[in-house]
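Only one structure is covered here, and it is reproduced in the block below.
The values are calculated or read from the model by the stated rules, or taken from the named source; none is laboratory data. Remember, it's a predicted structure, so these values are computed and weren't measured experimentally. Methodologically, a virtual Cβ is constructed for each residue, glycine included, from the backbone with ideal geometry; neighbour enumeration extends over all protein chains shown. Areas reflect the complete protein model, heavy atoms only, side chains present, ligands, DNA and RNA absent. Shrake-Rupley method; radii C 1.70, N 1.55, O 1.52, S 1.80 Å.
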Amino acid sequence: MDPRHLVVVGGGMVAQRLVEALRDRDTDGTWSVTVLAEEPRRPYDRVALTSYFNGRSPEDLSLGDPALWDDPLVSLVRGDKAVAVDREARVVTVASGRTFPYDHLVLATGSYAWVPPMEGADLDGVFVYRTLDDVAALRGYVNNLAEERPVRGVVLGGGLLGLEAAGALDALGARATVLQVDTHLMSAQVDLGGGEALRRLVNRLGIGVRTQSMTTRVLPHRRGGVGRVELADGTRLDADVVVVAAGVRPRDELGRESGLPIGPRGGVVVDDSCLTVDPHVSAVGEVACIQGACIGLVAPGYTMAEVTVDRLLGGGGAVYTGADTATKLKLAGVDVASFGDAFARTPGALEVVWADPVGGVYKKLVMSDDARTLLGGVLVGDASAYAMLRPMVGRELPGDPAAFLLPEGGAGAPDLELPDDAGVCSCNNVSAGAIRHAVAEEGCHDLGAVKACTRAGTSCGSCLPLVKKLMAAELGKLGITVSSALCEHFALSRAQLYDAIRVAGVRTFTEVVERFGTHGRGCDICRPVVASILATTAPAHVLDGERATLQDTNDHVMANLQKDGSYSVVPRMAGGEVTPEGLIAVGEVARDFGLYTKITGGQRVDMFGARIDQLPLIWQRLIDAGFESGHAYGKSLRTVKSCVGSTWCRFGVQDSVALAVMLELRYRGLRSPHKIKLGVSGCARECAEARGKDVGVIATDNGWNVYVGGNGGFTPRHARLLAEDLDTETLVRTIDRFLLYYVRTADRLQRTAPWIEDVEGGLEGVRAVVMDDSLGICADLDEQMAQHVVDYEDEWRATLDDPEKLKRFASFVNAPDVPDPSLAYVPERGQVRPATADERAVLVAGTTLEVRS
Ligand SMILES: Cc1cc2nc3c(=O)[nH]c(=O)nc-3n(C[C@H](O)[C@H](O)[C@H](O)COP(=O)(O)OP(=O)(O)OC[C@H]3O[C@@H](n4cnc5c(N)ncnc54)[C@H](O)[C@@H]3O)c2cc1C
Ligand code: SF4
């Protein structure tokens, strides 16, 4: 019997899934299928569209196995739009005039990017962000302009897509500002608290944000193209390019014109089996109005595709049972996720919130009224717990929910043993049990194999940490060693990658990816790691060229972001020593810029409340007064704290200050897997609390004792004795080797204490390497540290000398001279502090506190 004929209109993500599922399951070949695609290429991964700006080619974005399209029962018509459906005759006509009869028709036409009606929307330089052609055109436009002048980009819309688009502009080297109509970013997914934290994180990337800003028109430049955008309050912002990310609307025109019922807000109405009122026509994906709404996410579309295939193959009762609308932002350096009942709309719902404004973290879990069942959550700044928590929605959490919100993915939280039926990958509807089965029964022993076999993690990728964890646990049960790959883009661990980069002498991220990457252009796990590795293997300024795009958080502006969006400035005061002139200069800077000053635990002065545009001015003054960057923002050496030592102290047996100054100047600027702190005490009384530091030195009658692996923070550790009574030269050599061995071999974001535990043999193992040269690498370590000392340059001084780097220090990238009006301060104890929300409402609307500048 001849196969029946299926026509699918639209060659997008859901169409691809449908055809793939049909060919997988229709082993008897009862259906042949024709896909009519308006775009000129095979279906591609729209979810990963933004990775095009990180170097992924259209081919890299292709979905599934290309052999699908060579199947004799499948034909793909590209670059030809379907223009009419005759439901009576059951025929589809395409723009070129060809006709395609069908036994069953599936509409999978997706959505289009909605552009609000406004003057100037048709000007050259206004783009939407939906297709590969859109992003290719955007890239071409920005690159062309960039040859003439710095490009200023404005994104209309502060949702998921708008932020991705802003990240894309940033990746293209343009200055991006996001204009959001609502009170906060991603208002559909996160609450106000989360939105505020998110704004600060986005600002850290150098991307400007204006909330409650409605764009009314786009004005032309006198040379043609876009020149400015005008807001409802009359403000005008300079803009060379505008990306509209204001939402999507279903492409339901074929349904409308062929007389199918359309939903109240658009979309072809279907029932739970994805059928329209016509038994020969289904609709799937974003164009389908199912259970009263169109859903702009891929996972529900995939479910609809599976349901439709089931029906086509005569399977009885497959129905669509609802959508998981959990989302995770894909913007490097900004970790945001929202899942379940994120806004606590369930009656009686309780909210457990943990916020660290300084660290830019906001986390909230929504629990049932007895605080046991997880209903949803919002994670901003640290979404590491997302993959683990999302599948637990609707289930009881063991223990105190607050434990899941503590830093680094809920250190101290009970380990969640996910039940087999818990959904892990919502895009592809893969359960924990399916992953366990793939590992245990189907021989999938690495991440790539598990992905290929189950499809888990092949769409948005946000479940990958959990997939990896489940796989590791299952491999452990089988007695198989677990891969230590850095992430899916590098099969090497951080330590292996470090060695590979150093030995091969590669100097750029592009080269690293080409030589050692598995595929793609990296992610927010591997990009900052490579930046940190290159900083010690091929030193260059953190903001040089491609390196600027790899940096994490505060490194982007070489300052520490504060809770109100301002920055703090910390000049180095090696060993905590400062001259009266230096103190006066710091005081004058703080006074003249209206900064709040505080002595830090690391014995220096922190100045708070600087606007981004003030940073270069402040640093010019500090550098003129003989200061340099204190690297308070970097994963690098922070301070060497010292007591007053034998010079002044009656008990001191060694000059702890002189040693601390020498060590701080030696290791300043050393980039590392995490921050490093040192301390030096002049006698056993330990006034510098050196044993709380990564490296602590305590004077003895015969020289110096050196301790390693001390940490403060959430899991404080006392440093342990590495060596006793060393003379100064041996001490310095020992610390050199210890630090570089750590830099070379520690995992990403691993502090010295857990690293020592991981080294084979623990502290003994470390001692064998740095004291006895058991690996034969000490000469190399010594040489590398000597080179580091020679290569050091002050990052801030170099920045002030470079007009290109200075361009990133503007409050509003579109109006570089306009200070950020959302910063507001009130006096307290003779200084200023950020205004509270209530005070701010008055201050921002009315008078602002006078601050000298
Ligand atoms: C930048 C970006 C990031 C995203 N990130 C995420 C994410 O993280 N998570 C998530 O779940 N979703 C995300 N999405 C949304 C996701 O891409 C969509 O939900 C998904 O692509 C919908 O699939 P679809 O097949 O219904 O529509 P589409 O993928 O849009 O495909 C529809 C196709 O039909 C074609 N077409 C339309 N009309 C016709 C016609 N008359 N004739 C022929 N062809 C036609 C269109 O040209 C298009 O190629 C993102 C979208 C974008 C743009
Ligand atoms: S540690 Fe010893 S030398 Fe240093 S200040 Fe304290 S007592 Fe004095």
Completion exercise
All-but-one check, Arg666 against (1) within 22 Å of Asp791 (Cβ to Cβ); (2) part of a loop (DSSP other than H, G, I, E, B), failing number (2)
Practice task
Scan the range 13-36 and report the pairs whose first residue is at positive phi and away from ligand 1 (no atom under 16 Å from the Cβ) and whose second residue is of a type outside the set (Gly, Ala, Ser) and not in a strand (DSSP E or B), with Cβ atoms within less than 7 Å and a gap of 6+ or a chain change.
Solution key: Gly29/Pro3; Gly29/Leu73
Practice task
Quick one: in the range 654-685, of everything that is within 16 Å of ligand 2 (Cβ to nearest atom) and surrounded by fewer than 19 Cβ atoms within 10 Å (Cβ to Cβ), which residue is nearest to Arg604 (Cα to Cα)?
Solution key: Ala658
Problem - Elements of type helices (runs of 4 or more DSSP H) contained in the range 433-548, each with 3 or more residues being in contact with a Gly (Cβ under 9 Å, 6 or more places away or on another chain) and within 28 Å of Val336 (Cβ to Cβ) - result: 447-454, 464-477, 509-516, 526-537
Exercise for the section: Please work out which residue is nearest to Ile501 (Cα to Cα), limiting yourself to the range 529-543 and to residues that are free of Cβ contacts under 8 Å to residues at least 60 places away in the same chain and open to solvent by 10 Å² or more (accessible area, probe 1.4 Å). Expected result: Thr537
Exercise for the section: Within the range 777-787, track down each residue that is more than 32 Å from the chain's Cα centre (by Cα) and open to solvent by less than 30 Å² (accessible area, probe 1.4 Å). Expected result: Cys778, Leu781
Exercise for the section: Name the single residue, out of those in the range 686-730 being among the acidic types (Asp, Glu), on the phi > 0 side of the Ramachandran plot and assigned to a loop (DSSP other than H, G, I, E, B), that is farthest from ligand 2 (Cβ to nearest atom). Expected result: Glu689
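To keep it simple, each residue is scored yes or no on (1) open to solvent by less than 10 Å² (accessible area, probe 1.4 Å); (2) modelled with pLDDT of 95 or more; (3) over 30 Å from Val94 (Cβ atoms).
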residue	(1), (2), (3)
Arg222	no, no, yes
Leu231	yes, no, yes
Arg249	no, yes, no
Glu253	no, yes, no
Pro261	no, yes, no
Fill in the blank from the handout: Expected single match for in contact with a helix residue (DSSP H, G or I) (Cβ under 7 Å, 6 or more places away or on another chain), over 19 Å from Ala403 (Cα atoms) and either in contact (Cβ under 8 Å) with a residue 12 or more places away in the chain or within 16 Å of ligand 2 (Cβ to nearest atom) (or both) among Ala293, Ala323 is Ala323
Exercise for the section: Name the residue, out of Pro821, Pro827, Pro803, that is at pLDDT below 75 and either acidic (Asp, Glu) or open to solvent by 60 Å² or more (accessible area, probe 1.4 Å) (or both). Expected result: Pro821
Practice task
May I ask you to verify whether Gly594 is at pLDDT 80 or above, crowded, with 20+ Cβ neighbours inside 10 Å and either touching a strand residue (DSSP E or B) at 6+ places or on another chain (Cβ under 6 Å) or assigned to a loop (DSSP other than H, G, I, E, B) (or both)?
Solution key: no
Completion exercise
All conditions in (1) open to solvent by 10 Å² or more (accessible area, probe 1.4 Å); (2) modelled with pLDDT of 90 or more; (3) outside any loop (DSSP other than H, G, I, E, B) are true of Asn203 except (2)
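In the range 632-646, which residues are within 16 Å of ligand 2 (Cβ to nearest atom) and either of a type outside the set (A, V, I, L, M, F, W, C) or in contact with an Asp or Glu (Cβ under 7 Å, 6 or more places away or on another chain) (or both)?
Step one: list which residues in the range 632-646 are within 16 Å of ligand 2 (Cβ to nearest atom), which gives 640-646.
Passing the criteria: Val640, Lys641, Ser642, Gly645, Ser646.
Out of all the residues in the range 26-41, which are assigned to a loop (DSSP other than H, G, I, E, B) and closer than 19 Å to Ala95 by Cβ?
Of the residues in the range 26-41, the ones assigned to a loop (DSSP other than H, G, I, E, B) are 26-30, 37-41.
Ala37, Glu38, Glu39, Pro40, Arg41 - these are the residues of the range 26-41 that are assigned to a loop (DSSP other than H, G, I, E, B) and closer than 19 Å to Ala95 by Cβ.
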Handout entry: Filtered residues of the range 616-656 (kept if among the polar types (S, T, N, Q) and within 16 Å of Glu686 (Cα to Cα))
Key = Ser642, Ser646, Thr647, Gln654, Ser656
Handout entry: Single residue of the range 618-652 satisfying the filter (free of Cβ contacts under 8 Å to residues at least 60 places away in the same chain and open to solvent by 50 Å² or more (accessible area, probe 1.4 Å)) that is farthest from the chain's Cα centre (by Cα)
Key = Arg650
Handout entry: Where a residue in the range 125-141 is under 22 Å from Met13 (Cα atoms) and more than 16 Å from ligand 2 (Cβ to nearest atom) and its partner, wherever it lies, is among the hydroxyl-bearing types (Ser, Thr, Tyr) and not in a strand (DSSP E or B), with Cβ under 6 Å and at least six apart
Key = Val135/Tyr52
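Being loosely packed, with under 15 Cβ neighbours inside 10 Å, more than 16 Å from ligand 2 (Cβ to nearest atom) and modelled with pLDDT of 95 or more: is that true of Asp70 here? Full working, then the answer.
Values: loosely packed, with under 15 Cβ neighbours inside 10 Å: yes; more than 16 Å from ligand 2 (Cβ to nearest atom): yes; modelled with pLDDT of 95 or more: no.
No: the conditions fail for Asp70.
So which of Val353, Val358, Val378, Val366 is among the β-branched types (Val, Ile, Thr) and modelled with pLDDT under 85? Don't jump to the end; show me each part of the working.
Details: Val353 fails: modelled with pLDDT under 85; Val378 fails: modelled with pLDDT under 85; Val366 fails: modelled with pLDDT under 85.
One residue alone meets the criteria, Val358.
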Handout entry: Some residue of the range 415-426 being open to solvent by 60 Å² or more (accessible area, probe 1.4 Å), in a loop (DSSP other than H, G, I, E, B), of a type in the set (A, V, I, L, M) and at pLDDT below 75
Key = no
Exercise for the section: Being open to solvent by 10 Å² or more (accessible area, probe 1.4 Å) and among the aliphatic types (A, V, I, L, M) is the filter here, so list the residues in the range 1-49 that pass it. Expected result: Met1, Met13, Val14, Val47, Ala48
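Okay, residues lined up against (1) within 15 Å of ligand 1 (Cβ to nearest atom); (2) touching a Ser or Thr at 6+ places or on another chain (Cβ under 8 Å); (3) among the charged types (D, E, K, R):
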{"site": "Gly79", "(1), (2), (3)": "yes, no, no"}
{"site": "Val85", "(1), (2), (3)": "yes, yes, no"}
{"site": "Arg90", "(1), (2), (3)": "no, no, yes"}
{"site": "Thr99", "(1), (2), (3)": "yes, yes, no"}
{"site": "His104", "(1), (2), (3)": "no, yes, no"}
{"site": "Leu107", "(1), (2), (3)": "yes, yes, no"}
{"site": "Pro117", "(1), (2), (3)": "no, no, no"}
{"site": "Gly120", "(1), (2), (3)": "no, no, no"}
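Any residue at all in the range 788-799 that is crowded, with 20+ Cβ neighbours inside 10 Å and more than 24 Å from Arg527 (Cα to Cα)?
Of the residues in the range 788-799, the ones crowded, with 20+ Cβ neighbours inside 10 Å are 788, 795-796, 799.
Going one step further and asking which of them are more than 24 Å from Arg527 (Cα to Cα), we end up with none.
No: the range 788-799 contains no residue that is crowded, with 20+ Cβ neighbours inside 10 Å and more than 24 Å from Arg527 (Cα to Cα).
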Problem - All positions within the range 556-574 that are in contact with a Lys or Arg (Cβ under 8 Å, 6 or more places away or on another chain) and either of a type in the set (Asp, Glu) or part of a helix (DSSP H, G or I) (or both) - result: His556, Ala574
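Yes/no matrix, rows are residues, columns are (1) on the phi < 0 side of the Ramachandran plot; (2) open to solvent by less than 60 Å² (accessible area, probe 1.4 Å); (3) in a helix (DSSP H, G or I); (4) away from ligand 1 (no atom under 16 Å from the Cβ):
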position	(1), (2), (3), (4)
Asp310	yes, yes, yes, yes
Val319	yes, no, no, yes
Gly322	no, yes, no, no
Thr325	yes, no, no, no
Ser338	yes, yes, no, no
Ala344	no, yes, no, yes
Pro347	yes, no, no, yes
Val353	yes, no, no, yes
Lys363	yes, yes, no, yes
